Amino acid sequence: MLRNGLEPWHLLILAVVVVLLFGSKKLPDTARALGKSMRILKSEAKAMKDDEAR
């Protein structure tokens with residue numbers, strides 16, 4: 001049943017549901033905030049790894 005995992009049409013349905021729930025006006029702000037959070041997480045993980053190396 002779930003042998004193939006996520007297929008392209010699953011992602012399409014998920015994208016449509018997200019647009020319907022949040023509206024198209026909030027999506028750019030949400031994506032920007034998510035990107036900023038990912039950059040912060042990445043820089044903190046790199047700093048921790050550098051501290052371990054020393």
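The values are calculated or read from the model by the stated rules, or taken from the named source; none is laboratory data. The shown structure was predicted, so the numbers you read here are calculated from the model rather than taken from an experiment. Each accessible area value is taken on the protein alone, full model and side chains, heavy atoms only, with ligands, DNA and RNA left out. Shrake-Rupley method; radii C 1.70, N 1.55, O 1.52, S 1.80 Å.
Here are a few things to note about the model shown:
- Surface composition of the chain: carbon and sulfur atoms hold 67% of the protein heavy-atom accessible area at a 1.4 Å probe.
- Relative to the longest principal axis of the Cα atoms of the chain, the long axis of helix 27-53 makes an angle of roughly 30 degrees.
- Taking 0.36 nm per residue of separation and subtracting the current Cα-Cα distance, fully stretching the chain between Ala53 and Leu20 would add 7.3 nm.
- With 5 Å bins from 0: P(r) over the chain, alpha-carbon pairs, percent: 4, 16, 12, 14, 14, 13, 13, 9, 5, 1
- The angle separating the long axis of helix 8-22 from the principal Cα axis of greatest extent in the chain is about 90 degrees.
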